[in-house]
Structure formats: C-alpha cells, structure tokens
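Worksheet for the structure shown next.
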Amino acid sequence: MRLLTALSLSSLTVLFSLIFIGGYVSASGVGLTCPDWPLCPQGLMPHDDFIIEYIHRSVAAATGLLIIAMMAFTLKSRESPRGMKIASIIAGAAVIGQITLGAVVIVERLHALLVTAHLALGIVLFSMVLLTLMYAYRIEDKRPVAPRAQ
C-alpha cells in the first residue's frame, strides 16, 4: 500500500504543478504560442518561443501517465475500498477528458467556454486525486504494525 500512497502523492504533486503552470500559460497569454497539437511546429525540440506551452504539455503527459498508473494500482489492490476505486476511476476518466479538452482548446483557439471547462475539469481531477490519496493514507494507518525484533 506504500506504493499506492507514494504514487497518489506524486500524482497530486505533479498535478498541482501542472495547474500552476496552466495558470501561468493562461495569465501570460502564451496559450497559442504553440498553435499545433500535440507537438509544436519544430517537433520534439521546440523553439524558445514555444517553451512555456511545451513545458505545460510535457507535464500534462507525465501527469496523465501517473494518474492512469494510480488508477490501475488502486483497482488492482485488494485493500482499496469502493470509494477509493470510484475516485480513481473518475480521476482516470477526467485526465483523459483533460487531455482531449486541452487539444480542443488549442484547435478552437482558446474559446472562453472551453478554457473554463478545462479549468473546471482540472478542479474535479485534483479533487479525485486528493480523495484517492486520503483513502491511501487511511488504509496505511489501519495496517497493523509489525512487532520489533529484540
């Protein structure tokens, strides 16, 4: 269960970083500096003009992989309660929705309604990962402590 707790905590930390970077991308107006999706015009090694948006997309990809792994470990664990499994499934679906919605936001040139939906789904995603982490800590607290060898 320690692995699941560590994976949940890592997912939440990287997700928080992604939300922070996304806020910077939005506030600084660089959301369309990289007008193609998923890669920038120069491919895997972007030009300096695209670097902020490229970092956002790279962190989003890493976040997606972490959250899908967290969901898989949660569903595989026999100790995971039903609520934890549901939260992780919602998180997995939300991260796929976020990636898809992020692509649509770029294709539609930052339509305000789509950007708002992207933020709202990000908040749902953050909440579900936080809930999964809280369940993981609760399970870890209930585990019996092995007696010390003397």
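The rows are residues; the columns are (1) free of Cβ contacts under 8 Å to residues at least 24 places away in the same chain; (2) of a type in the set (S, T, N, Q); (3) out of contact with any Pro (no Cβ under 9 Å at 6 or more places or on another chain).
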residue	(1), (2), (3)
21	no, no, yes
37	no, no, yes
41	yes, no, no
50	yes, no, no
53	no, no, no
60	no, no, yes
77	no, yes, yes
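In contact with a strand residue (DSSP E or B) (Cβ under 9 Å, 6 or more places away or on another chain) and either outside any helix (DSSP H, G or I) or crowded, with 20+ Cβ neighbours inside 10 Å (or both): does that describe residue 53?
On the way: in contact with a strand residue (DSSP E or B) (Cβ under 9 Å, 6 or more places away or on another chain): yes; either outside any helix (DSSP H, G or I) or crowded, with 20+ Cβ neighbours inside 10 Å (or both): yes.
Yes.
Is it true that residue 101 is touching a residue at least 40 places away in the same chain (Cβ under 8 Å), outside any loop (DSSP other than H, G, I, E, B), surrounded by 15 or more Cβ atoms within 10 Å (Cβ to Cβ) and not small (Gly, Ala, Ser)? Don't jump to the end; show me each part of the working.
Numbers: touching a residue at least 40 places away in the same chain (Cβ under 8 Å): no; outside any loop (DSSP other than H, G, I, E, B): yes; surrounded by 15 or more Cβ atoms within 10 Å (Cβ to Cβ): yes; not small (Gly, Ala, Ser): yes.
No; evaluated as a whole, the condition is false for this residue.
Within region 3-28, the set of residues being surrounded by 19 or more Cβ atoms within 10 Å (Cβ to Cβ), modelled with pLDDT of 95 or more and closer than 17 Å to residue 120 by Cβ comprises 15, 18.
The values are calculated or read from the model by the stated rules, or taken from the named source; none is laboratory data. Quick caveat: nothing in here was measured; it's all calculated off a predicted structure. Note: ideal-geometry Cβ built from the backbone for every residue, glycine included; neighbour counts use all protein chains shown.
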